[in-house]
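Novice: Following this message is one structure expressed as structure tokens.
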Amino acid sequence: MTEQQLPSWADPSVSPAALDPQGVSRRGLLRRAGLFGAAFALGSAATPALAAGGRRLGGEDPRLAYLAGDHHIHSVYSHDAKYTFSQLAAAGAEYGLDWMVFTEHSNVGHADFGAALEHQEILRARAENPRQLIFQGLEWYIPAAEHCTVFTAPGPHEVDVLTRFESAYDGKLLGYDKGGPADADTARNEAHALKALEWLAEQRRSGYVDDVLVLANHPMRLGIDSPHELRNWRDAAPEIMIGMEGAPGAQGAAIPGWRGATSIRGEYENKPSAQSWPGYPADAYLTYGGFDWATATVGGLWDSMLAEGRLFSVTTNSDAHRIVFDTWKNGDWQPGQTFDTTGKLPDPVNTDTPQPGSDFWPGQFSRTHVGVTGYGYRAVMAGMRAGRVWLDHGHLLDGLDVRLTRDCDRGRGVTLGGRLRVRKGEKLTLNVTVTTASRPNPHGVVPELAQVDVIRGAVRGPVADRDTWKAPDTRVVRTAEVFGRKGTYTLRIPLTAGEESFYVRLRGSDGNRHGTGPLGASVDPHGPVPHPPGDGDPWADTWFYSNPVFVDVEGS
């Protein structure tokens, strides 16, 4: 593989005049982080002063740059998609993505043919454009549940691991997936999912692949990913099973007048079935401001996992299959060809007429930002594992940096995904540095951030009931009204450490649509709300979310 090259906005040899406004903005963020040029190319030697379980008070996390990406993309190597690998990679570059993961659906044709064919395209793309980080992955049909993104670091065994995993552990290929009968052997299927994760973790531990990560996709679309399954997956391989989609793809599904009067943003158009976990309420099968109910509900499922004191990240992505308003259609098969015999759909054909679709191009609407200390594949995966992640829709922000510090020292404190150790009663400051959007987004509008919410929850340790989906002590504790503020500014939010450990996370929006959250106004007075069916313009309702920062109170 050709040596990686810095993205143009991080490369001192590229003139600022050659950058677009977003590139200029990102270069400024990188300079302020002290990671411009060679420092970013080589990677920072700085490491957090406080590891999980350490005893030192405070923290000294490294300075970070954030790389935008998408971990859930489908091409002609998926049986239900449409676009070539080159079309999607070019779109990701156009919309400013630094990294992309191609996650084709499991299928006999994919395991036998498609994965190897796509790998050759990926190798050529890595050589021709080493500024763009392109991972190969898989959308795994989880036995007894729905889907996961699985992807590895580049290396000689990346395709071998993915295809062996697919053949041995994929619920669709084994008949262990959601398509089986309601009385299927659920215990066997759930156990097989855990064996799958343990097998993947062993490939990493043994060094057969340098790294591998797994994230649950659209967890509440069908309601078959139960709370205990999410916890079991996390616990089976915490070093690789790192989180879930906080917001699904298909964000264009409910654009007014497009797909129909019953369309729901995210294609969350399903109702509970015999296979759904029965403890979810009816409103769990909707999206809220485009975000999955599990993430969007303050005090809900995501918070119930964070309240155990363990990191579980959220992300967003395109889940690109068929792009809204695009004019390409699937090509025609040659006689005798099928996906099972080729592992690849025919290349698409342009019709000059808009075709059905729900998705946006990679990076066009949904972006996951990962904090890194250097440039490269392993840096992205390390940042994701550490939880240094925030996400936005509609290019709502150019930048976000979060530091939680003790008022009694001058350290940098800790950032997203980190842990700050403090004494009871200590005064803390949550420093939230926002860089507002500097240019029109792909919809032609310069987004404006209107509010930033601080959400705080108590950490009580592992739950006795692993199907718990509520965190009763989590709520919005502060809202900062920021509409009209431009450029880069820092919100300094005072916090006090009580007697028990806690976490804080952030959320913000353009302020266009909000209302009482699912668990009541005392928990969330102005959170995201569902769109009416067929009336969900995503560009008019954009949000950002961040991963949590944990505070471990000494003696709690």
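The values are calculated or read from the model by the stated rules, or taken from the named source; none is laboratory data. Since the structure is predicted, the reported quantities are computational estimates derived from the model, not experimental observations. All Cβ positions, even for glycine, are placed from backbone atoms using ideal geometry, and neighbour counts span all protein chains on display. Areas reflect the complete protein model, heavy atoms only, side chains present, ligands, DNA and RNA absent. Shrake-Rupley method; radii C 1.70, N 1.55, O 1.52, S 1.80 Å.
Novice: Would you mind computing Rg(Cα) / (2.2 N^0.38 Å) for segment 246-311, counting N as its residues?
Specialist: Here the answer is 1.26, to two decimals.
Novice: Which residue, chosen from Val214, Ile493, Gln364, occupies the Cα position most advanced towards the positive end of the dipole of the chain, where the dipole is computed from +1 (Lys, Arg) and -1 (Asp, Glu) charges on Cβ about the Cα centre?
Specialist: It is Ile493, whose Cα lies furthest towards the positive end.
Novice: For segment 77-212, what does the accessible surface come to per residue with a 1.4 Å probe? Please give it in Å².
Specialist: Accessible area per residue, segment 77-212: 34 Å².
Novice: Name the residues of segment 275-295 whose amide N is less than 20 Å from a point 7 angstrom out from the Cα of Arg310 along the C-beta direction?
Specialist: 294-295
Novice: Using the basic label-point model (7 angstrom from Cα toward the beta carbon), what is the Glu94 to Arg460 distance in nanometres?
Specialist: So the label points at Glu94 and Arg460 sit 5.0 nm apart.
Novice: If Val446, Val212 are ordered by their accessible area, calculated over protein heavy atoms with a 1.4 Å probe, which sequence runs from highest to lowest?
Specialist: Listed by decreasing accessible area, they come as Val446, Val212.
Novice: In square nanometres, what is one fourth of the surface area of the convex hull spanned by the alpha carbons of segment 373-468?
Specialist: Here the figure is 10.0 nm², rounded to one decimal.
Novice: Ok, one more. Between Ala38 and Arg410, take the C-beta separation as r, use R0 = 25 Å, and let me know the FRET efficiency to the nearest 0.05.
Specialist: E(calc), rounded to 0.05, equals 0.40.
Novice: Once neighbouring chains are kept in place and the probe is 1.4 Å, which whole percent of the accessible area of segment 337-428 is contributed by carbon and sulfur?
Specialist: The value for segment 337-428 is 48 percent carbon and sulfur by accessible area.
Novice: Now for a different question. Please compute the length gained on full extension between Ala18 and Ser522, using 0.36 nm multiplied by the number of residues separating them and subtracting their Cα-Cα distance.
Specialist: 176.5 nm
Novice: Right, something else. Over segment 234-386, what number does the Rg to Rh ratio reach, with both radii from the alpha-carbon atoms and Rh per Kirkwood?
Specialist: 1.03
Novice: Moving on. Which of the lysines could a cross-linker bridge to Lys344, judged by Cα under 16 Å and excluding same-chain residues fewer than eight apart?
Specialist: Cross-link targets: Lys82, Lys329.
Novice: Something else about it: Could you compute Rg(Cα) / (2.2 N^0.38 Å) for segment 111-229, with N its residue count?
Specialist: 1.13
Novice: Calculate the spin-label point distance for Asp235 paired with Arg423, positioning each point 7 Å from the Cα along the beta-carbon direction, and give it in nanometres.
Specialist: Modelled inter-label distance: 3.6 nm.
Novice: Per residue, how many Å² of accessible area does segment 393-512 show with a 1.4 Å probe?
Specialist: Ligands and nucleic acids excluded, the figure is 42 Å² per residue.
Novice: Any aspartates and glutamates with Cα under 14 Å of the Lys195 Cα? List them, leaving off those in the same chain fewer than 8 positions away.
Specialist: Glu166, Asp170, Glu229, Asp235
Novice: Once the whole set of protein chains is in place, how much accessible area is left on His79, using a 1.4 Å probe, in Å² to the nearest 10?
Specialist: 70
Novice: How much length is gained if the chain between Gln120 and Glu499 is pulled fully straight, taking 0.36 nm per residue apart and subtracting their Cα-Cα distance, in nm to one decimal?
Specialist: Answer, rounded to one decimal: 130.8 nm.
Novice: 222 nm [θ] for the chain, helices only, -39500 (n - 2.57) per DSSP H run of 4+, per residue, to 500?
Specialist: -5500 deg cm²/dmol
Novice: Evaluate the distance, in nm, between pseudo-label points positioned 7 Å from the Cα of Thr327 and of His443 along their respective Cα→Cβ axes.
Specialist: Computed distance between label sites Thr327 and His443 equals 2.4 nm.
Novice: Where in segment 70-109 does the label zone of Ser8 land, with the point 7 angstrom along Cα→C-beta and an amide N cut-off under 20 Å?
Specialist: Backbone N within reach: 70, 86-100.
Novice: Now a separate question. Averaging over all projection directions, find the projected area of the Cα convex hull of segment 427-493 and quote it in nm² with one decimal place.
Specialist: 7.3
Novice: Find the accessible area per residue for segment 291-360; the probe is 1.4 Å, ligands and nucleic acids are left out, and the unit is Å².
Specialist: I get 35 Å² per residue for segment 291-360.
Novice: Kindly state, to the nearest 0.05, the FRET efficiency for Arg492 paired with Arg164, given R0 = 41 Å and r defined as their beta-carbon distance.
Specialist: 0.20
Novice: Next question, about the same structure. Exactly which chymotrypsin sites (Phe, Trp or Tyr not before Pro) in segment 468-507 are in a DSSP loop and have at most 14 other Cβ atoms within 10 Å?
Specialist: Answer by residue number: Phe483.
Novice: P(r) tail for the chain, what percent of Cα pairs lie past 31 Å?
Specialist: Taking all Cα-Cα pairs of the chain, the fraction more than 31 Å apart is 44 percent.
Novice: Could you state the orientation-averaged shadow area of the convex hull built on the Cα atoms of segment 319-426, in nm² to one decimal?
Specialist: Here the figure is 11.9 nm², rounded to one decimal.
Novice: Let me ask something else. Extension gain Leu174-Asp535, at 0.36 nm per residue separation less the Cα-Cα distance, in nm?
Specialist: Taking 0.36 nm per residue and subtracting the Cα distance, the gain is 126.1 nm.
Novice: Where the accessible area of segment 95-176 is counted over protein heavy atoms with a 1.4 Å probe, how much of it, in %, is carbon and sulfur?
Specialist: Reported share for carbon and sulfur atoms: 53 percent.
Novice: Based on alpha-carbon atoms only, what is the radius of gyration of segment 417-556 relative to the globular estimate 2.2 N^0.38 Å?
Specialist: 1.19
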